[in-house]
Every structure is written in structure tokens, then in C-alpha cells.
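**Student:** Next up is a structure, given as C-alpha cells.
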Amino acid sequence: MRIAGLGGLVAGVALAALSISRTGFGVDPGAVSIAYPFGYLLCAVALLAADARYGAMYGRRGRRVAALLALSLACYGCAVLVIVASLRVVGVPFSPVTGLVGVAFFAIRVLGSLYGVLLWRETDASRLTAGLFVAILPAMVIFAPLAILGFPAFGVEGPLYLAFVALGHELSTVGTDATADGSGRPE
């Protein structure tokens with residue numbers, strides 16, 4: 001769990017740094033590089049570790065949401081990997097996969113916010129972690145038009161990546177007394 005948490009933390013930081021250089025204009029293989037898809041795959045692994053930690057608290061419904069979110073993250077990462085590879089090999093994106101990117105992108109936002117609500121209501125996860133997950137969908141609605149106009153994609157993607165930084169930190173400190181009462185929650 002700690003290793004998966006550390007992976008989520010590192011992936012969140014790396015993806016946040018990459019998103020500062022990206023905008024809503026097409027696919028830029030230079031900015032996306034190979035780190036981008038693997039960052040999403042690491043986030044999916046961290047989410048599965050979080051499900052192992054919180055699954056008993058949020059039950060079957062939460063496990064389904066976590067599994068679908070992890071699947072969406074993995075699909076997005078794999079689809080971006082295929083697109084970047086096809087851009088580098090043949091010069092054009094492999095078009096059937098481009099639709100999957102859009103579907104997975106939207107699913108990540110909806111499921112991520114739903115997962116945040118479950119973390120907030122049903123678990124002892126920190127309010128910061130849960131709140132960042134909840135903010136994923138509203139951030140897309142508010143900041144997507146700005147990304148299309150050329151502003152950095154961090155406004156749209158930042159809450160997702162920062163949620164994984166916070167979640168990764170929580171998972172990497174499992175079993176340590178992170179707070180005075182040892183509950184893992186701030187007092």
C-alpha cells in the first residue's frame with residue numbers, strides 16, 4: 001500500500017508539472033511524452049490500493065466506483081500511449097482510440113467526483129483528499145473553456161493530479177501516526 005501510495009504521489013506531481021505546459025489544442029507528443037500515460041497507470045494502481053484501504057468503509061457501491069475509476073484511468077493511459085506511439089510512428093493518431101480518450105476523460109471526471117463524495121461521506125480519508133476528488137468534475141466545467149482558448153490545462157487537470165498527490169501521501173503514511181490521535185484525520 002505504501003509503495004502504491006508513493007507511486008500515486010509521484011505520478012500526481014509529474015502529471016501536474018506536465019499539465020502546466022499543455023493546453024486544449026490537440027495532442028502535443030512533446031509535452032505528453034511517455035510519462036503522461038504511465039502516470040495515469042500509476043494513479044490507477046494507487047486507486048486500487050486506496051480501495052483496499054477504504055473498501056470496507058464504503059462498501060460494494062464504493063468498490064464499484066473505485067473499480068470503474070481505475071479502469072477509466074487505465075483506459076485513458078493506454079489510449080494516450082497508443083496515440084503518442086501512432087503519432088511518432090506513422091504521423092497521425094490511431095483514430096478509433098481517439099474516441100476512447102474522450103470517453104475515458106469524461107468518465108474520470110464524473111467517477112472521480114463521485115469517488116470523492118464517497119470518501120467524504122463514508123471513510124476516514126482526509127477532507128483535503130476527498131475535497132480534491134469532489135472538485136474534479138466542477139473544475140472541468142469551469143476551466144475547460146479556458147484550456148480551449150490556450151490557457152494551461154492545469155485548471156482542468158490539476159484537481160485530479162492533486163487528489164492523487166494527497167491520496168498518495170495518505171497511503172504512503174499508512175500505519176504511521178500522522179496526527180496526534182493516530183486516526184489519519186486532522187483534528
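**Student:** Ordering Leu68, Leu73 by accessible area with a probe of 1.4 Å, largest first, what comes out?
**Tutor:** Result of the area sort, largest leading: Leu68, Leu73.
**Student:** Now, a different point. Can you sort Met140, Met57 by 1.4 Å-probe accessible area, starting with the largest?
**Tutor:** If we order Met140, Met57 from most to least accessible, we get Met57, Met140.
**Student:** Turning to a different aspect of this structure: Roughly how many percent of the accessible protein surface of the stretch 1-176 is carbon and sulfur, given a 1.4 Å probe and a whole-percent answer?
**Tutor:** Details: 6080 of 8070 Å².
On the stretch 1-176, the fraction of accessible area on carbon and sulfur atoms equals 75 percent.
**Student:** Over the stretch 1-176, give the accessible area per residue in Å² for a 1.4 Å probe, as an integer. It would help to have the intermediate numbers written out before the result.
**Tutor:** Details: 8070 Å² over 176 residues.
For the stretch 1-176, the solvent-accessible area averages 46 Å² per residue.
**Student:** Also, quick follow-up: Quote the accessible area belonging to Val90 in square angstrom, nearest 10, computed with a 1.4 Å probe and with ligands, DNA and RNA left uncounted.
**Tutor:** Val90 has an accessible surface of roughly 100 Å² with all protein chains in place.
**Student:** Here is a follow-up. Considering the dipole of the stretch 1-176 built from charges on the beta carbon (Lys and Arg +1, Asp and Glu -1) around the Cα centre, which of Val92, Gly39, Tyr58 is farthest to its positive end?
**Tutor:** After comparing all options, I get Tyr58.
**Student:** Filter the DSSP H helices in the chain by two things, a Kyte-Doolittle mean of at least -1.0 and an axial alpha-carbon span of 30 angstrom or more, and list the hits by number.
**Tutor:** 35-89, 95-122
The values are calculated or read from the model by the stated rules, or taken from the named source; none is laboratory data. None of the values given here were measured: they were computed from a predicted structure. No Cβ is skipped: glycine too gets one built from the backbone with ideal geometry, and neighbour counts run over all protein chains shown. Surface accessibility is based on the protein's heavy atoms, side chains included, excluding ligands, DNA and RNA. Shrake-Rupley method; radii C 1.70, N 1.55, O 1.52, S 1.80 Å.
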